[in-house]
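These notes concern the structure reproduced below.
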Amino acid sequence: MRVVVVGDVMLDVDLSGEATRLSPDAPVPVVDVSGVRRRAGGAGLVARMLAQDGWPVTLVTVLGEDDAGSQLRAHLAGVRLVAGTTGYPSPVKTRVRAGSHPVVRFDQGCAKTPVPDVSPAMLRAVEKAGVIIVADYGRGLAANPQLRELLARLAPDVPIVWDPHPSGPDPVPGVAVVTPNISEATKAVQSIAAAQASGARTTGSGHSSGDQAADVAAVLLERWQSRAVLVTKGEEGAVLLRQGDPAARTVPAPRVEAGDPCGAGDRLAASLAVHLLAGRDLPEAAALAVHDAADFLAAGGVSALPDTGADEAAAGKPERAAARRTTEPLLLARSVRESGGRVVATGGCFDLLHAGHVRSLAAARELGDCLIVCLNSDDSVRRLKGPERPIIGQHDRAELLLAMECVDAVMVFDEDTPEAALDRLRPDIWVKGGDYKGARLPEADLVESWGGQCLTVPFHPARSTTGLADALAKVS
């Protein structure tokens, strides 16, 4: 069943470098740019995520006939693109970062434009969807009357996830779920209140639950006439309210170390749609999607997304582009299982990768059809190993692991033990080093509860992270 993403696309450009001095012309930092990355943003980012996860995805959008539009087409390689044309410039959003800190963003071609036309091909593509994501970024496509009429007609039979924008129209009635963040939801309610300031009509009961997200969800559920509203609250998780439910449900999020939250909402909408497509009910799909978004941020967010085939080919490395693998562990695990494969997982700190790690990971990968590494977060390592560890941060450790041919995905977890991560991942095989040989693994009861196996692979006692760390300390 094909996933169809409908919405506005923009070209995102990231300029990254270091700022060590102020400009002599004004008291502003000078950023020495060392890296430039371009990618499809907005609905294009949602479609790219799904394509990298292995889903058949169609992107229905409009593109400008300009250089930025050409770049967007190249960066959407792997996505079936059904695009109308617009006579307006393609929007470009450029972010400048010094280290991990945003310095400035400047926008080009982002002025409001008239509602674009839709072609018969665009409408036919939407009609063939198994699930639809409307990724509205306020550029007008979601306001097209023909498209809205079609979406309203499909809503009773096809799950529609609507990711709204403050500058966009209300969702069409009857969609499966609308996913504003708390800021967007609050602004929408304030706009409704302002429009009704005359007192001619009120929205909602006026009763406060004491939870801001639940209160605004109740107002928006009545206003939008969707089947549900999922208000996301960042690291605090989300609140889900469905038609007919007496109260909102809290959807907790795992605690992760994350910097740039860019793309988390897109990841959540993409994951929510495919979990609904897989037949899960909305509360379960929402819980999984919140966890998927947290995993996405823990793995580095948009900055850790693989480059597109266009980027690699331009760099003279087409074979590397062909070998890219998904880094979303839960979706990868489900995809492998649904195709009849076996999911293998292992875990650890992997603070200083050494030959023993490489041999053990390669042996674990041979046991199944994918290998997912459950990686202790920096806080978890500190609690387990002491304040001087880890030597290498979690994002770099994850990147090093993903660079290995035998590792297909990394799941970062913050607890002292991997049980919570394992319960979400539910691998067919859980692997540990042979130093556990003869002893029952601590996770055995949990893994066996869903029919999984616990196995050991050869252990190489002469090679250890602690030994390397001690040796480095003596040299220094």
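For the range 44-141, just say rounded, prolate or oblate: build the C-alpha gyration tensor, square-root its eigenvalues into a ≥ b ≥ c, call rounded for a/c under 1.5, and beyond that prolate if a/b exceeds b/c, oblate if not. Walk me through the numbers before you get to the answer.
Working: a/c = 2.07, a/b = 1.33, b/c = 1.56.
Cα axes put the range 44-141 in the oblate bin.
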- line: Measure of exposure for CYS406: accessible area at 1.4 Å probe, Å² rounded to 10, is 20
query: What number, rounded to the nearest 500 deg cm²/dmol, is the helix-based mean residue ellipticity at 222 nm of the chain, given -39500 (n - 2.57) per DSSP H run of at least four residues and division by all its residues?
result: -10500 deg cm²/dmol
- prompt: Could you give the accessible area per residue of the chain, probe 1.4 Å, as a whole number in Å²?
  reply: 45
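Excluding THR58 itself, what net charge comes from residues whose Cβ is under 12 Å from its Cβ, given Lys and Arg +1 and Asp and Glu -1?
+3
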message: Only four residue types carry charge here, +1 at the Cβ of Lys and Arg and -1 at the Cβ of Asp and Glu. Report the dipole size of the chain about the Cα centre in Debye, rounded to the nearest 20.
response: 460
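Calculate, in nm to one decimal, what ARG280 and ARG37 gain on full extension: separation in residues at 0.36 nm each, minus their alpha carbon distance. Let's see the in-between values first.
On the way: separation 243, 0.36 × 243 = 87.48 nm, distance 3.59 nm.
Between ARG280 and ARG37, full extension yields 83.9 nm more.
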query: Binned at 5 Å from 0, what are the whole-percent values of the Cα-Cα distance distribution for the range 42-87, short to long?
result: 5, 24, 34, 23, 10, 4, 0
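Summarise the accessible area of the range 352-399 (1.4 Å probe, protein heavy atoms) by the percent that is carbon and sulfur. Numbers along the way, then the final one.
Working: 1060 of 2150 Å².
Exposed carbon and sulfur together represent 49 percent of the surface.
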- prompt: What size of dipole, in debye to the nearest 20, comes out for the range 52-131 about its Cα centre when the only charges are +1 on Lys and Arg C-beta atoms and -1 on Asp and Glu C-beta atoms?
  reply: 260
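Just list whichever of LYS93/LYS233; LYS385/LYS432; LYS93/LYS128; LYS112/LYS187 have alpha carbons separated by over 27 Å in the model shown. Mind showing how you got there, number by number?
Details: LYS93/LYS233 24 Å; LYS385/LYS432 18 Å; LYS93/LYS128 32 Å; LYS112/LYS187 19 Å.
Going by Cα-Cα distance, LYS93/LYS128 fall outside the 27 Å limit.
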- prompt: Contour minus end-to-end for ASP416 and THR94, with contour as 0.36 nm per residue of separation and end-to-end as the Cα-Cα distance?
  reply: 112.0 nm
- prompt: What's the extension gain from ALA362 to GLU18 if we count 0.36 nm per residue and subtract their Cα-Cα distance?
  reply: 120.2 nm
field: Residue order for ARG255, ARG39, ARG280, ARG359 - accessible surface, 1.4 angstrom probe, largest first
entry: ARG255, ARG359, ARG280, ARG39
message: Which one, LEU446, PRO29, LEU288, projects farthest toward the positive side of the charge dipole computed for the chain from Cβ point charges (K/R +1, D/E -1)?
response: LEU288
- line: Binned at 5 Å starting from 0, the alpha-carbon pair-distance distribution of the range 345-444 in whole percents comes out as 2, 13, 24, 25, 23, 10, 2, 0
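Relative contact order of the range 215-280: what whole-number percent is it, with Cα pairs under 8 angstrom and at least 6 residues apart? Numbers along the way, then the final one.
Numbers: 61 pairs, mean separation 13.0, N = 66.
Relative contact order of the range 215-280: 20 percent.
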field: Selection from VAL118, VAL344, ALA248, by position along the positive dipole direction of the chain (Cβ)
entry: VAL118
task: In debye, nearest 20, what is the charge dipole magnitude of the range 95-168 about its Cα centre with +1 on Lys and Arg Cβ and -1 on Asp and Glu Cβ, if you could check?
output: 280
- request: Using just the alpha carbons, could you tell me how many Å³ per residue the convex hull of the chain encloses?
  value: 190
message: Suppose we keep just the alpha-carbon trace of the range 349-397; what are its Rg and Dmax in angstrom?
response: 12.3, 37
- request: Set Lys and Arg Cβ to +1 and Asp and Glu Cβ to -1, take the dipole of the chain about its Cα centre, and tell me which of TRP55, VAL189, THR20 lies farthest positive.
  value: TRP55
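List the relative contact order of the range 1-134 as a percent without decimals, with contacts defined as Cα pairs under 8 Å and 6+ residues apart. If you can, show how the numbers build up before the last one.
Working: 281 pairs, mean separation 44.5, N = 134.
Computed value for the range 1-134: 33 percent relative contact order.
Only bridges whose two residues both fall in the chain count here: according to DSSP, what percent of them are antiparallel, nearest 5?
Working: 28 of 78 bridges.
DSSP beta bridges in the chain are roughly 35 percent antiparallel.
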- prompt: So what's the gap between the Cα centers of the range 75-129 and the range 344-374, to the nearest angstrom?
  reply: 39
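The values are calculated or read from the model by the stated rules, or taken from the named source; none is laboratory data. Quick caveat: nothing in here was measured; it's all calculated off a predicted structure. Every residue, glycine among them, receives a Cβ derived from its backbone with ideal geometry; neighbour counts consider all protein chains shown. Calculation scope for accessible area: heavy atoms of the full protein, side chains included, ligands and nucleic acids excluded. Shrake-Rupley method; radii C 1.70, N 1.55, O 1.52, S 1.80 Å.
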